[in-house]
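Data block below; observations after.
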């Protein structure tokens, strides 16, 4: 007999089928005992006799039975007259925590025991959200003529001048892990005009916060022949809309299970200038923030609430961050040169994307590096793109785990990260 | 006026349009001068007056002109009466090597100057092949119920016991770059049954060969509830067929430009057992190979030629490699325990994929680690998956760059790698 997945049971009512999976839970009622079987596609209730009660949670089993409609069963179906005893693999372990409505353990315990904790349906649903999000990002950009690239993670130069990089022993000489594909994706605009990459980036974050990781998945895009950063924001809007569409289309079961309300992505995401945002924040919060160079997390949350209330939007672009806090490749705003032609996207009050227009003239790069005391020599392979012709261009980067955290309302990005890495965590 | 891409010119014959891109080449004939413009979608010939002759190759320009049918022009269309002088960005550089039929420089020079060399249409075509290949891999596995995952590249344990790993200074303690997602994708079989990952892997290869890199893109899959490694080979066949279909459907222009003959993937890829392959090689080559533990590159080529001649196939599975050369998680062949339930896939005579069935019982792992003198302690997070229930499972890994190298007939994998990394190369 050919094993079928649990999701296909409705097609086989009245037939005998073979299922395979893990013992998810057992329930003994006064007159009947149930075993709940779990596979990649769902849960199935099996009416069993006493023999099967011996089976421990997470044991892998293979069982034949008759598919019977039952109003009381989850999903309206259950398996009767199972092959007895179940055919099963020998297992040594005698407890599991996967069967409750949600995991009761504290986050560090869940992360320490990821190999089993991830089997919980709610944990699995978050993985399905992440996969659908990344697929939606790619689909949206594929549709706009972007080409996917994979750029190296072992690099000779710290992208942003040396902070927060992991040193690598590279055949006895110094190398670093790439903090972003920034320099490479810009080079590739000179080759393919529109490129994206979905891959790991590495930040040696010295502090442990609920929103920083030492390694995360960055969804990066870069596009040539733009007018200014507003053109880039248009592409960024399409990428985010694609991500939400991807979740809606490909992860509907996960959305249901987690009872999520998916955001609408407005055709025009509201935009506020950094300077105006600061004035607004002084009104909203009473805090003195005008003149500061960045937004504090609490102030991002306040702006997120304002955008929801004022514009009915879960998303808000903040544009024109001060040049002083932006990296060397950032383009100035033409009208107000102390401010940059860059932006962040707040998603439900959390910075989930950074982007902007980049410099595109060789001379501007030489000047920008000099102004920061950086030698141009380590950047030679990058600067070569600009010594030849480069069009006005820009791009953006979205942290996958942060985005999914916002989707599910997780307060800690580790809750939506597969095997997170931070200062104190390197395993499993 | 809204810029259009060159690929859209046929829709605008008789109209005035705006193009933007790079000066690809200039050609002065006796009566007329042409400029060839390049954008992400192709090349366009522009009939110019003397003023435009000043434009240097790779200058970024923006030009309006009338679309005119012309039998002599490449593609049958050219641009007349261009806006003059072209609107252009200031550029400092005065030479380029991108306009010839192929790049004439030696590989190291091409790699050193990747920012410009990649702009050559043939180089660009290889990037389009790579993107289509990876997309085809994902589509094939999505269609078979696999879920995409992203696993950490910073790890505490060398996957295969310590050889060829890059050490990382991880907040003052030792970490390594992952040589593969092997342990993580196995853990995830316990969660999602069928998973894949497309991401970088890192190997500190001490030798510089034409087929090894220090960093490459690995297309990894792992699947649960298999009978044996033959089930895994069935999935591997589907993945490879998807990759070739992806190229056929999404990179047709690149295939034409590079004049490639795409391989057919047989419904049943021919299979030869390792021991039989050795006997065959003794017949074919006269070399004494029976008893060796692996196949030499020359012998893989000989087997590739044999498969093409005997089976009309560009692909050949070699199964049952000796256990002695396979990693600790490898499952033995049930019938002949000195041989493994594993396989390689030769594509046109080059090993392009490795796979097999894995151990799935906790006790077997404890024994396998002990037999290799490895402590189980660093593997605790991995072994936990097996202490709970794990089904029979297996998987495979395909090197993206090697696969594309075989597609285009490149003799060195660096020719199909974006910014390759090896012992002597860390930039650009």
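Structural remarks
- Value at 222 nm in deg cm²/dmol, rounded to 500, when DSSP H runs of n ≥ 4 in chain A each add -39,500 (n - 2.57): -9000 deg cm²/dmol
- GNM result for chain B, Cα springs below 10 Å: residue of B:401, B:384, B:128 fluctuating most strongly: B:384
- In the assembly of identical copies, residue A:142 has its label point, taken 7 Å from Cα in the direction of the beta carbon, separated from the corresponding points by 0.5 nm (ascending, one decimal).
- Counting from the shortest, the label point at residue A:100, 7 Å from Cα toward Cβ, is 6.9 nm from the same position in each remaining copy.
- Most mobile listed residue (A:137, A:34, A:315) in chain A, GNM with C-alpha springs under 10 Å: A:34
- Cα gyration tensor shape of segment B:270-425, rounded if a/c is under 1.5, else prolate or oblate by comparing a/b with b/c: oblate
- Over segment A:115-416, relative contact order from alpha-carbon pairs under 8 Å, at least 6 apart, %: 21 percent
- The slack between residue A:7 and residue A:210, meaning 0.36 nm per residue of separation minus the straight C-alpha distance, is 69.5 nm.
- Note on residue B:122 and residue B:423: their simple-model spin labels are 2.9 nm apart, each label 7 Å out from Cα toward Cβ.
- Shape category assigned to segment B:6-88 from the gyration tensor of Cα positions, a/c cut at 1.5: rounded
- Counting only Cα atoms, the protein assembly as shown measures 92, 84, 54 Å along its principal axes, largest extent leading.
- Computed from Cα atoms, the angle from the helix B:121-143 axis to the main principal axis of chain B rounds to 40 degrees.
- Acute angle (nearest 10 degrees) that the helix B:274-285 long axis makes with the longest principal axis of chain B, alpha-carbon atoms: 60 degrees
- When only alpha carbons are used to place a centre, segment B:192-250 and segment A:228-288 end up 35 Å from one another.
- Cβ crowding within 10 Å ranks B:249, B:233, B:1 as B:1, B:249, B:233, fewest other Cβ atoms first.
- Taking all C-alpha pairs of segment A:205-260, those more than 20 Å from each other amount to 55 percent.
- The relative contact order of segment B:6-88, computed from alpha carbon pairs under 8 Å that lie at least 6 residues apart in sequence, is 32 percent.
- Taking A:136, A:190, A:356 as the candidate residues, the one with maximal mean-square fluctuation in a Gaussian network model of chain A, Cα springs under 10 Å, is A:190.
- Annotation: the residues B:211, A:27, B:101, sorted from fewest to most other C-beta atoms within 10 Å of their own C-beta, follow the order B:101, A:27, B:211.
- According to the Cα-based calculation, Rg over Rh for segment A:115-416 is 0.96, with Rh computed by the Kirkwood formula.
- The order of A:166, A:202, going from fewest to most other C-beta atoms within 10 Å of their C-beta, is A:166, A:202.
- Relative to the longest principal axis of the Cα atoms of chain B, the long axis of helix B:229-250 makes an angle of roughly 0 degrees.
- Tensor-based shape of segment A:178-315 (alpha-carbon gyration tensor, a/c under 1.5 rounded, otherwise prolate or oblate): rounded
- Segment A:298-428: relative contact order as a whole-number percent, Cα under 8 Å and 6+ apart: 19 percent
Taken together, the values in this text are just the output of simple stated rules run on the coordinates, not laboratory data. Keep in mind it's a predicted model, so treat the numbers as computed, not measured. Heads up, the Cβs are rebuilt from the backbone with ideal geometry, glycines too, and the neighbour counts pull from every protein chain shown.
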